[in-house]
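Engineer: One structure coming up, written as structure tokens, with questions to follow.
All of the numbers you see were taken from the coordinates with simple rules; none came from a lab. The shown structure was predicted, so the numbers you read here are calculated from the model rather than taken from an experiment. Positions of Cβ are backbone-derived with ideal geometry, glycine not excepted, and every protein chain shown enters the neighbour counts.
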Amino acid sequence: MDQDIIKHKDEIPQPTKEDFVSDQMVKWCPGCGDHAILSSVEKVFPKLGVRKEDFVVVSGIGCSSRFPYYMNTYGIHGIHGRAAAIATGVKLANPKLSVWMITGDGDCMAIGGNHFIHAVRRNIDINILLFNNKIYGLTKGQFSPTTPKGFKTKSSPQGTFEQPFNAGELVIGAQGNFFARAIDNNPKMMVEVLFEAARHTGTTVVEILQNCVIFNNNIHELISSRDTRDDNQIFLKHGEPMLFGKGKKKGILLRGTQLEVVELGKNGITEKDILVHNIYNPDPGVHIMLSRMTPPAFPAALGVIRSVTESSFDQNMEEVIEQSKRDSKIKNVDDLLRSGNTWKI
Amino acid sequence: MGTKRNKPVQEKDDVVIRFAGDSGDGMQLTGSLFSDSTAFAGNDFATFPDYPAEIRAPQGTIAGVSGFQVHFGHTNIHTSGDLADVLVAMNPASLKANLKWLKDNATVIVDTDAFVEKAFDKAGYDGNPLEDETLEGYRVIHAPISEMTRDAVHDLGLENKVALKSKNMFALGIVLYLFNRKLDKIYKAFEEKFKSNPLVVEANKRVLRSGYNFADTVEAISPTFNVEPAELKKGLYRNITGNTATAWGFIAASERSGRELFLGSYPITPASEILQELTKHKELTVKAFQAEDEIAGICSAIGASYTGSLAITTTSGPGLSLKSEAIGLAVMTELPIVIVDVQRGGPSTGLPTKSEQSDLMQALFGRNGECPTIVMAASSPTDCFYSAYHAAKISMEHMTPVILLTDGSLANGSEIFRIPRVADLMEINPPLVPPNDEDYKPYKRDEKKLNRRWAVPGTEGLRHRIGGLEKENIEGNVSHDPENHQLMTQLREEKVNRVADFIPEQELIGDSKGDLLIVSWGGTKGVMLTAVEEMHKENQNVSLAHFNHINPLPKNTEEIFSKFKKIVVCELNNGQFVNYLKMKFPEFTYQQYNKIQGLPFMVSELKREFYALLSK
């Protein structure tokens, strides 16, 4: 991916945001977080140095999965849960393409859970945008695998009995190399994070905390609202100390094997004691702990949480193919048919 | 060899030989080495392995018996044979399991060392079957195979267990003698197979020769047999299984169409060898992807198809069930994809290592909505090559999914294959859209075939979206318009029906009219053909219509049916094709003959049925 960006940059006319806007009516609810995500993606695509014909947007089923119809790229709106498998096929068939998968918490982690974890494990070079509104929207209000325990929904009138998934923990547990988080009401941050995802080789997962205005309004309010967000979100940046809160007076500290929220100046804590973010650390320990941080006890971690470089599945496959072409005596099907034991009559 | 051949030789037209032993006894290797020697002897032949579902079932039990059958002759061989002329039984269990598959005066070669008290019990024999009336009427060759194997290699310093591993080659030595075969080709095979272990090569050579010499000294092995070379069309030949032929057919279609081959698949018996074979051929840019499940197998293939690959997925019945929804997506998006179903006994897990034709209805109708696909069936191991090739061609040229049905018997069975030249195969012309084609609309169709065109990501000026939601005709935007849905449903159906204009007419073997038309489809062709040819020799007026194209059916099907007094539909299921025919052509009366035992038809039972129908 990185090389592609550099290679293409000077050769091709720079597309604009308008190049990616489709002529179809966008049918998401007014006030839905999806609108902001669409707009951010339209802003990011023209700046990646990729030909506009080389983008493919793939989705499954759900509100978010209508996304491909609203982008003027190549696109497939697939079936429920299977976007990761479809995207895998697209990428392996043509590794030069920039493949983006749009999915929701149900599509990705319930019906499509298997494909999701295996795509992540294989490290196929696709970018997964996971819209997490912690509810089933298109089927009108049942709980999802990320709905908080005890939460009342149409299919859990007494509250759910089950533990939710944490997307970051799941991705990193599935051998994921890249995980980031953004929120729908901060487009600037979202654009920044999407750039990082695009630059990374291998599977990237960007969890976007997204508001469903109809069935789960304000589910991310602590993290998103103007009044509470300073204390309840931290925008992580590589190489910087993990400071947050008004005036950056609070920080995250690693005590023993646990993270802890501290205030600068209290109990002799100074900035030197605060944990410095390292997205490249192959050890998943701190990255998982950061992903798990939940308000109000901790600020939710936003930004790139983990970015570890390893060769991707598609690169490996291309290399083995090139190697086999060089080494094999079989150059075409006629050779193949005549290989091994044959006899003349 | 230094052996004097002074025994009488009896000429035979064709012979069926069955090697049977414990699943660890190496019967599959023995059988395939015998096949190699048969190839060099110039015979036509077909083989079939018969192995248990368990990898190593308890030693010495019936459940653990593994067999390999070879049918060879100087006449044309269409099947791996009904009943055996020769049985090699390495232990009592293999004797017990296979005795019912022997001809009346068959030759039975047994390892007497394995016929001991404990083994009778495990096999379910009360006493020693070699000493009571069990084998009355057979020519029994008592060979102390284990002991003589040990003797043959005693000075090589091998452990007892290792030495005994070669005992299958002693049995092979006896059989090679029995059929007047040479040993040098087998020696060569040892040298290749065990390249890295010269000691094993030497041990196998010695044991093989020891078996051969033993046979020379045993008076009971007389006469020996000779099968003259077959009169086959000139050319270069090889032995090939159905699964390998399927894999190669797709590689050939990829080369001829200029579309890279992509396979998305999940291992399942008896289809896994197609995945294993394709994954070997990266040198021909075959991209074989072992997915996390059946659904990912087909969905990755759909992604690759959208991206311009010849995309296929391979599976067996249970896997086809899992792929149903995704096949619907391919039908809706009108993308080419070939789904290979190597049928096995069902339902559910069923009989995984046995063969059946019971997925036909699933292939035709097992999806939500009005969801037509092309359905084809291969009719022999070598036909798997041509069927795979043809399925790929039709799928790409008509832009629609094809389900190709093979079965466990074809998949693992082998026959000789006259090697074609790729340049002689039919052309394949996928309807690709050139860059910046202003005329391009996602659902604008070819007038003749009704296919939409293939606009591949990366191509300038053709960006478009497709998906599982109903689309507006021509423009391809999402549409919930009632009339449009009806129109699109009819177009998808008509597109599949029009394939009938591009496939060969149905072939008929025998007279074009008469008393009895025998109808069959798919993997049973060999045995159907043998039965009908035998009845023709017996001056019976019967004809055979064996189908490879199920949906659409060949255009002349109805006309063929109309010329016969009786029609009997024979299939290895409970009557699926016959019910399909009743739906398509209700004006005819159909008889049916079905077998659902996980076993192929036998020529004898077919003929019995046909004679009975003729006399009614």
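Engineer: Please list the non-local residues whose amide H lies under 5 Å from the amide H of B:Ala288, H modeled 1.01 Å from N, same-chain partners needing a gap of 5 or more.
Structural biologist: B:Leu263
Engineer: Hey, can you grab everything whose amide H is under 5 Å from the amide H of A:Ser98? Only 5+ residues off in sequence or another chain; H modelled, so Pro and N-termini drop out.
Structural biologist: It is A:Phe55, A:Val56, by chain and number.
Engineer: Could you please state, rounded to a whole Å, how far the C-alpha centre of the range B:545-594 is from the C-alpha centre of the range A:294-345?
Structural biologist: The two parts, judged by their Cα centres, are 46 Å apart.
Engineer: Can you bin the range B:9-226 into rounded, prolate or oblate? Criterion: square roots of the alpha carbon gyration tensor eigenvalues sorted a ≥ b ≥ c, rounded for a/c under 1.5, prolate for a/b above b/c, oblate for the rest.
Structural biologist: Working: a/c = 1.35, a/b = 1.01, b/c = 1.33.
Verdict is rounded for the range B:9-226.
Engineer: Continuing with this model, one more query. Over 20 Å between Cα atoms: which of A:Lys47/A:Lys188; B:Lys185/B:Lys233; B:Lys566/B:Lys616; B:Lys565/B:Lys595; A:Lys43/A:Lys140 fall into that group?
Structural biologist: On the way: A:Lys47/A:Lys188 14 Å; B:Lys185/B:Lys233 23 Å; B:Lys566/B:Lys616 10 Å; B:Lys565/B:Lys595 24 Å; A:Lys43/A:Lys140 30 Å.
As for pairs spanning more than 20 Å Cα to Cα, those are B:Lys185/B:Lys233; B:Lys565/B:Lys595; A:Lys43/A:Lys140.
Engineer: Report the local net charge at A:Thr228: Lys and Arg +1, Asp and Glu -1, summed over other residues whose C-beta lies under 13 Å from its C-beta. If you can, show how the numbers build up before the last one.
Structural biologist: Values: positive: A:Arg226, A:Arg229, A:Lys246; negative: A:Glu221, A:Asp227, A:Asp230, A:Asp231.
Net local charge, A:Thr228 excluded: -1.
Engineer: Here's a follow-up. State the antiparallel share, in %, of DSSP beta bridges confined to the range B:239-503, rounding to the nearest 5. Display every interim value, and only then the final one.
Structural biologist: On the way: 7 of 30 bridges.
Around 25 percent antiparallel, to the nearest 5.
Engineer: I need the phi-derived Karplus couplings for the range B:212-225: 6.51 cos²θ - 1.76 cosθ + 1.60, θ = phi - 60°, integer Hz, Gly and Pro marked x.
Structural biologist: Going residue by residue, I get 4, 5, 4, 4, 5, 8, 8, 5, 4, 8, 6, x, 8, 10 Hz, with x marking Gly and Pro.
Engineer: In addition: Just going by the charge dipole of the range B:514-615, with Lys and Arg at +1 and Asp and Glu at -1 on Cβ, which of B:Val578, B:Pro600, B:Leu517 is farthest out on the positive end?
Structural biologist: Final value for the positive-end residue is B:Val578.
Engineer: How do A:Ser59, B:Ser222, B:Ser512 rank when sorted from fewest to most other Cβ atoms within 10 Å of their own Cβ? Mind showing how you got there, number by number?
Structural biologist: Numbers: A:Ser59 29, B:Ser222 14, B:Ser512 11.
If I rank by nearby Cβ atoms, fewest first, I get B:Ser512, B:Ser222, A:Ser59.
Engineer: Here's a follow-up. Place a point 7 Å from Cα of B:Ala500 in the direction of its Cβ. Which residues in the range B:582-604 have their backbone N less than 20 Å from it?
Structural biologist: Correct set: B:582-590.
Engineer: Excluding B:Lys595 itself, calculate the net charge of residues whose Cβ lies under 11 Å from the Cβ of B:Lys595, where each Lys or Arg counts +1 and each Asp or Glu counts -1. Display every interim value, and only then the final one.
Structural biologist: On the way: positive: none; negative: B:Glu356, B:Glu571, B:Glu605, B:Glu609.
Summing Lys/Arg as +1 and Asp/Glu as -1 gives -4.
Engineer: For A:Thr88, B:Thr313, A:Thr309, B:Thr134, what's the fewest-to-most ordering of other Cβ within 10 Å of each Cβ?
Structural biologist: Details: A:Thr88 32, B:Thr313 36, A:Thr309 13, B:Thr134 17.
Listed from fewest to most nearby Cβ atoms, that is A:Thr309, B:Thr134, A:Thr88, B:Thr313.
Engineer: If you take the square roots of the eigenvalues of the alpha-carbon gyration tensor of the range B:1-112 and sort them as a ≥ b ≥ c, do you get rounded (a/c under 1.5), prolate (a/b over b/c) or oblate? Spell out each step's value before the answer.
Structural biologist: Values: a/c = 1.76, a/b = 1.53, b/c = 1.15.
Prolate is the answer for the range B:1-112, as a/c is 1.5 or above and a/b outweighs b/c.
Engineer: Along the Cα→Cβ direction, 7 angstrom out, place labels at B:Asp184 and A:Cys29. What is the inter-label distance in nm?
Structural biologist: In this crude spin-label approximation the distance works out to 8.4 nm.
Engineer: Past 19 Å, Cα to Cα, is the threshold; run B:Lys441/B:Lys495; B:Lys165/B:Lys195; B:Lys96/B:Lys182; B:Lys354/B:Lys393; B:Lys471/B:Lys555; B:Lys393/B:Lys495 against it and keep the listed order. Can you show the working numbers first?
Structural biologist: Working: B:Lys441/B:Lys495 17 Å; B:Lys165/B:Lys195 17 Å; B:Lys96/B:Lys182 31 Å; B:Lys354/B:Lys393 30 Å; B:Lys471/B:Lys555 31 Å; B:Lys393/B:Lys495 15 Å.
Check vs 19 Å cut-off fails for B:Lys96/B:Lys182; B:Lys354/B:Lys393; B:Lys471/B:Lys555.
Engineer: Scaled to the compact-protein estimate 2.2 N^0.38 Å, what is the alpha-carbon radius of gyration of the range A:61-199, rounded to two decimal places?
Structural biologist: Details: Rg = 15.2 Å, N = 139, 2.2 N^0.38 = 14.3 Å.
The range A:61-199 yields a ratio of 1.06.
Engineer: While we're on this one: Please list, by residue number, every one of the trypsin sites (Lys or Arg not before Pro) in the range A:272-345 that is coil in DSSP and has at most 14 other beta-carbon atoms within 10 Å. Spell out each step's value before the answer.
Structural biologist: Working: sites: A:Lys272, A:Arg292, A:Arg306, A:Lys325, A:Arg326, A:Lys329, A:Lys331, A:Arg338, A:Lys344; in loops: A:Lys329, A:Lys331, A:Arg338.
For trypsin sites (Lys or Arg not before Pro) across the range A:272-345 that sit outside H, G, I, E and B with at most 14 neighbouring Cβ atoms in 10 Å, the list reads A:Lys329, A:Lys331, A:Arg338.
Engineer: Same structure, new question: Just from its helices, what would the mean residue ellipticity at 222 nm be for chain A, if runs of 4 or more DSSP H residues each count -39500 (n - 2.57) and the sum is divided by every residue, rounded to the nearest 500 deg cm²/dmol? Write out the running numbers ahead of the final one.
Structural biologist: Details: 12 runs with 101 residues, N = 345.
Using -39500 (n - 2.57) per qualifying helix, the result is -8000 deg cm²/dmol.
Engineer: For a test of the definition: using alpha carbon positions, the gyration tensor, and the 1.5 limit on a/c, classify the protein assembly as shown as rounded, prolate or oblate. Working shown, then result.
Structural biologist: Values: a/c = 2.42, a/b = 1.72, b/c = 1.41.
It is prolate, given that a/c is not under 1.5 and a/b is the larger ratio.
Engineer: Do any trypsin sites (Lys or Arg not before Pro) in the range B:1-77 lie in a DSSP loop with no more than 15 other beta carbon atoms within 10 Å, and if so, which? Can you show the working numbers first?
Structural biologist: Values: sites: B:Lys4, B:Arg5, B:Lys12, B:Arg18, B:Arg56; in loops: B:Lys4, B:Arg5, B:Lys12, B:Arg56.
Loop-located and lightly packed - B:Lys4, B:Arg5, B:Lys12, B:Arg56.
Engineer: I'd like the distance separating the alpha-carbon centroids of the range A:12-67 and the range B:51-118, in whole Å.
Structural biologist: A separation of 65 Å, based on Cα centres.
Engineer: If you place +1 on the Cβ of every Lys and Arg and -1 on the Cβ of every Asp and Glu, how big does the dipole about the Cα centre of the range B:9-226 come out, in debye to the nearest 20? It would help to have the intermediate numbers written out before the result.
Structural biologist: Numbers: 22 positive and 31 negative charges, 153 e Å.
Rounded to the nearest 20 debye, it is 740 debye.
Engineer: Find how many whole Å separate the alpha carbon centroid of the range B:407-453 from the alpha carbon centroid of the range B:165-188.
Structural biologist: Cα centroid to Cα centroid, the span is 45 Å.
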